[in-house]
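Visitor: For reference, the structure I am asking about is given below.
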Amino acid sequence: DVDMEMDEIAEDYRKTHDDKSLGGKGCNLFLNMLRNTAVRRALLLGVMLQLFQQFSGINTVIYYSATILVMSGASANKAIWLSAAVSTANVAFTFIGIVSVERLGRKILLLGSMIVMMIGLTLLGISFIVIDRSSQGILTTGVGECIAVSDSCYSCVGSALCGVCSSLAGELMCISNNATDLIKSTCEGGRITDVCKTEYSWMAVVGLVVYIMGFAPGMGPLPWTINSEIFPNWSRDTAMSITTTTNWVCNSIISQTFLQLTKVATTSGAFFIYCGITLIGMIYFFICLPETRGVSLEHTEELFSSSFTFVGFKTGLKKREIVDNEVE
């Protein structure tokens with residue numbers, strides 16, 4: 001019945017308007033959100049979802065996938081095609097999340113996603129350790145700042161100041177990227193490169209794909225899905241604005257610090273750091289994230305109203321039963 005549906009829409013609009021009026025505007029609204037225990041807890045959870053999504057390192061993989069593959073020893077040409085394959089995997093595995101989010105529930109899908117992400121990050125970290133240890137030794141070193149990083153090809157190209165080249169005598173040299181033309185003339189073709197030949201580049205590719213396989217169906221879409229479900233009408237638009245801002249601020253931080261982090265902690269160390277952050281996030285969500293599958297928007301506030309306890313996996317199911325009973 002069209003008239004009945006229109007009446008329901010009008011009633012929902014009126015109720016939402018009344019709720020927002022009670023919440024206030026501007027600073028008053030924000031203060032009321034902080035005073036309200038349920039909304040405050042939901043807001044913290046929403047912010048943590050967006051924070052851990054970004055600090056798990058996703059945009060280092062999306063933005064720097066070609067750079068990561070070049071670091072692993074792939075040629076620039078091959079790295080571009082492989083990064084396209086990684087992006088394709090991201091799209092393909094997102095559909096798994098669309099199909100399974102209602103079947104498995106938000107919490108199980110999110111935690112499973114983070115476990116697979118940690119496996120991928122661990123593989124990436126291990127791959128760069130193996131690549132470092134197996135990279136060709138430097139037989140002839142350059143001068144100045146490149147002497148200290150010439151113990152392996154990988155450590156040489158890991159320095160922003162240095163690169164490698166094959167000498168006319170067939171030796172591998174670590175020399176400054178700003179070397180004089182005279183020194184460059186001792187390199188084959190006069191070229192300095194940041195690519196080390198290794199037979200273990202495939203390990204980095206596998207790590208990237210596994211990481212994306214984990215992220216795409218769970219940690220990618222679910223922070224947005226859950227945030228759209230956990231806030232009452234009067235605070236939803238403001239809370240969503242805060243969580244979205246958190247996402248983009250963390251995105252900016254993680255994307256601008258990745259290359260510096262690889263210099264300070266090594267490339268493998270950077271991925272192990274992201275893995276550790278993901279583990280912390282998984283523990284937090286295991287304890288604090290309620291299952292919202294099947295819970296009506298009217299009842300989601302109740303999930304955060306009780307005193308803090310371990311949430312578990314059955315909270316959403318209990319609320320769902322309440323909703324089903326009301327329908328009956």
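Visitor: Within 10 Å of each candidate Cβ there may be at most 14 other Cβ atoms; applying that plus a DSSP loop requirement, which chymotrypsin sites (Phe, Trp or Tyr not before Pro) in the range 231-310 survive?
Guide: When the chymotrypsin sites (Phe, Trp or Tyr not before Pro) of the range 231-310 are filtered for loop state and at most 14 Cβ neighbours within 10 Å, Phe308, Phe310 remain.
Visitor: How high is the FRET efficiency from Arg103 to Trp81, r the C-beta distance, R0 35 Å, rounded to 0.05? Intermediate values should be presented prior to the final figure.
Guide: Values: r = 34 Å, r/R0 = 0.98.
Here the calculated transfer efficiency is 0.50.
Visitor: In whole Hz and in residue order, list the ³J(HN,Hα) couplings for the range 69-76 that follow from phi through the Karplus curve 6.51 cos²θ - 1.76 cosθ + 1.60, θ = phi - 60°; x for Gly and Pro.
Guide: 5, 5, 4, 7, x, 6, 5, 4
Visitor: Could you give the spread of the C-alpha atoms of the range 214-308 along their three principal axes, from largest to smallest, in whole angstroms?
Guide: So the extents along the principal axes, rounded to whole Å, are 49, 27, 25.
Visitor: What's the extension gain from Tyr63 to Lys263 if we count 0.36 nm per residue and subtract their Cα-Cα distance?
Guide: 70.3 nm
Visitor: By average Cβ neighbour count within 10 Å, what is the ranking of 108-115, 275-282 from highest down?
Guide: 108-115, 275-282
Visitor: If amide H atoms are built 1.01 Å from N in the plane of the peptide, which residues on other chains or at least 5 residues away come under 5 Å of the amide H of Cys162?
Guide: Asn177
Visitor: Related question: For the range 265-278, what does the Karplus curve 6.51 cos²θ - 1.76 cosθ + 1.60, with θ = phi - 60°, yield as ³J(HN,Hα) per residue in whole Hz, taken in order and with x for Gly and Pro?
Guide: 10, 6, 5, 5, x, 4, 5, 5, 5, 4, 5, x, 5, 4
Since every read-out is calculated from the coordinates, none of them should be taken as a lab result. It should be emphasised that the depicted structure is a prediction, and the values quoted were computed from it without experimental measurement. For neighbour counting, all protein chains shown are included, and Cβ atoms are generated from backbone atoms with ideal geometry for every residue, glycine included.
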